[in-house]
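These notes concern the structure reproduced below.
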Amino acid sequence: MDTDTPTTGQVILVGGGPGDPDLLTIGGLRALREADVVLYDHLAPLACLDQTRPGVTLIDVGKIPRGCQTAQTDINALLIDHARRGRTVVRFKGGDPFVLGRGSEEWLACAEAGIPIRVIPGVSSAIAGPELAGIPLTHRGITQNFSVVSGHVGPDHPASTVNWDALAQSTGTIVILMGVAHLPEICTGLTSRGLDGDTPAAIVAKAALPDQQVVRGTVATLPALADAADIQPPALTVIGAVVALGLAPVG
Ligand SMILES: C[S@@+](CC[C@H](N)C(=O)[O-])C[C@H]1O[C@@H](n2cnc3c(N)ncnc32)[C@H](O)[C@@H]1O
């Protein structure tokens, strides 16, 4: 590490939105343009990296499910090390950094190391994904609340801290991220806990990207329909009466 840099840099957590560069905020774009170093994930809108300045250091710390990964401790160490060299470091993430995105872990690691850190919120796929598929998460007279949960493990897995019993009884919309691999057990787990199998449900894959896919069905039918459509991550599942609204673009 250099020892001749007297000033500490900073870390900025930037939420990049679900993938379409148009959904990056103006503040996020400004931070990218001013960055000395950018650590980016694969779900961030990578086309926006073109906006970085000449000489910027771009570091791919992408986490592909079951693929190449950079350990979270190594990412934290990189953020701290580059900031200690006096650099402005942007941590460029998909969606919003604090929605199932480990941004808060990175914040705490930097704060503990005495590194100035701030966050620029992003448009979460949890909201934008359903919306771009014509599904509002709330609709007056139908649903007044929604839950966003992780499906990285199924309802009966000991590592799941989600209250699946409460979700199955809820009248609100349910949005499940990271749940493609466990979709059958998630749907079965919800119906076995009391959710009506006829509840409208949809899976939205690659939302906001040119190859966005939407599959609609019910909680009972969605796993087979998603399998038949060969749905691959990134994808999210939406369950609830609002799915039946199916708002289509007009004009
Ligand atoms: C680790 S979580 C990060 C979520 C992110 N922080 C956010 O706010 O969107 C990754 C999951 O988000 C969802 N996701 C992210 N981008 C998506 C996209 N463009 N289309 C559909 N789902 C997406 C998928 O469920 C994916 O497995």
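Every read-out reported here was derived from the displayed coordinates using simple, explicitly stated rules and does not represent laboratory data. These figures come from a predicted structure and were not determined experimentally. Quick reminder, even Gly has a Cβ in these numbers, built from the backbone with ideal geometry, and neighbours come from all protein chains shown.
Of all beta bridges that DSSP places with both ends in segment 10-120, some 5 percent have antiparallel geometry.
Diffusion coefficient of segment 5-61 by Stokes-Einstein, Kirkwood radius over Cα pairs, 25 °C, 0.890 mPa s: 208 µm²/s. For segment 214-224, the Karplus equation 6.51 cos²θ - 1.76 cosθ + 1.60, evaluated at θ = phi - 60°, returns couplings of 10, 10, 10, x, 10, 4, 6, 9, 4, x, 5 Hz by residue, with Gly and Pro reported as x. Dipole check for the chain: with +1 at the C-beta of Lys and Arg, -1 at the C-beta of Asp and Glu, and the Cα centre as origin, the magnitude is about 400 Debye. Rounded to the nearest 20, the Cβ-based charge dipole of segment 49-132 about its Cα centre (Lys and Arg +1, Asp and Glu -1) stands at 200 debye. Residues in segment 136-152 carry Karplus couplings, in order, of x, 6, 10, 7, 3, x, 10, 8, 10, 8, 9, 10, 10, 10, 8, x, 5 Hz; the curve used is 6.51 cos²θ - 1.76 cosθ + 1.60 with θ = phi - 60°, and Gly or Pro positions show x. The slack in the chain from THR70 to LEU29, taken as 0.36 nm per residue of separation less the alpha-carbon distance, amounts to 12.3 nm. DSSP beta bridges fully contained in the chain are about 45 percent antiparallel.
Helical runs (DSSP H, four residues minimum) scored at -39500 (n - 2.57) apiece and divided by the length of the chain put the mean residue ellipticity at 222 nm at -7000 deg cm²/dmol. Normalising the Debye intensity of segment 128-213 to I(0), with uniform scatterers on Cα atoms only, and taking log10 at q = 0.10, 0.21, 0.24 Å⁻¹ returns -0.25, -1.09, -1.33. For a modelled paramagnetic label at THR171, 7 Å from Cα along Cα-to-Cβ, the residues of segment 144-164 in reach, with backbone nitrogen under 12 Å, are 144-145.
Compared with the dominant principal axis of the Cα atoms in the chain, helix 72-84 is inclined by about 30°.
The separation of segment 152-189 from segment 75-113, counted between C-alpha centres, amounts to 29 Å. Enter the angle in degrees (range 0 to 90, nearest 10) between the Cα long axis of helix 183-192 and the first principal axis of the Cα atoms of the chain, meaning the one along which they spread out most. With rounding to tens, the tilt is 50 degrees.
If you look at the Cα atoms of the chain, you get an Rg and a Dmax of 19.7, 65 Å.
Taking only alpha carbon atoms, segment 1-146 gives an Rg to Rh ratio of 1.03, where Rh is the Kirkwood radius. Considering only ILE12, SER150, GLY197, the residue lying farthest towards the positive end of the dipole of the chain is ILE12, judged by Cα position with unit charges set on Cβ. Please identify every one of the trypsin sites (Lys or Arg not before Pro) in segment 22-124 that sits in a loop by DSSP and has no more than 15 other beta carbons within 10 Å of its own beta carbon. Answer by residue number: ARG66.
Converting phi to 3J(HN,Hα) with the Karplus coefficients 6.51, -1.76 and 1.60 and the offset θ = phi - 60°, segment 96-107 yields 10, x, 9, 9, 6, x, 6, x, 5, 5, 5, 4 Hz in sequence order, with x at every glycine or proline.
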